[in-house]
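What follows is a short report on a single structure.
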Amino acid sequence: MFSFETKVGTGKGMVRLVCLPNGAWMAHMIYTALQELHCAKEIAGYNRPHGGNNSLKGGAVEGNWYERREHKKEFLDEQPAVLIVGAGQSGLNLAARLQSLGLSVLIVEKTERVGDSWRHRYRTLVTHVGINAVDLGRILLTNQTGSSPVHPHGVHEVPRQLAPLYTK
């Protein structure tokens with residue numbers, strides 16, 4: 001395992017080496033993942049607003065959290081920094097991660113509602129499996145037992161939980 005830094009950010013990686021019959025080593029697999037962008041620090045821990053309007057930039061004058069969220073959804077002050085095509089699992093995960101880095105994100109989806117690609121494709125999808133199999137970044141889907149909540153209509157539950165975050 002190794003860490004690395006590029007012009008745009010820092011990351012971690014892993015290399016799997018294989019010894020060839022002639023005794024030489026060759027990279028069999030190389031995996032890299034960018035963990036942090038230099039231009040956008042994650043809004044977490046100390047950087048995260050801690051509660052009341054005093055912790056929000058501009059204070060109460062610029063509105064409470066809900067008012068600010070409604071304002072941001074309309075992109076009244078800025079154009080989106082990132083356009084994501086598709087509000088499926090990957091699109092929503094990417095949007096959540098980029099928003100945690102403070103980037104404005106616009107998601108476009110061809111279906112009527114957020115998560116319809118799940119609803120229409122995976123009739124038997126459930127989210128009551130082990131936590132390692134159901135991972136939506138930045139979204140808590142587990143209970144105290146470490147497994148996801150049991151939903152008789154699991155295919156509808158995850159999109160239902162996510163829709164308010166990304167529906168205009």
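What follows is calculated from the coordinates using simple rules that are stated; it is not laboratory data. Given the structure is predicted, the values throughout are model-derived calculations rather than measurements. Methodologically, a virtual Cβ is constructed for each residue, glycine included, from the backbone with ideal geometry; neighbour enumeration extends over all protein chains shown.
At-a-glance table
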item	result
Two-site label geometry, Glu74 and Phe4: point separation in nm, points 7 Å out along Cα→Cβ	4.4
Förster radius 35 Å - calculated FRET efficiency between Cys39 and Lys110 (Cβ-Cβ, nearest 0.05)	0.70
Relative contact order for region 1-109, counting Cα pairs under 8 Å that sit 6 or more residues apart, in percent	19
Loop sites in region 2-102: trypsin sites (Lys or Arg not before Pro), DSSP, at most 14 other Cβ within 10 Å	Lys7, Lys41, Lys57
Rounded, prolate or oblate (a/c below 1.5 giving rounded, otherwise prolate when a/b exceeds b/c) for region 1-120 by Cα gyration tensor	oblate
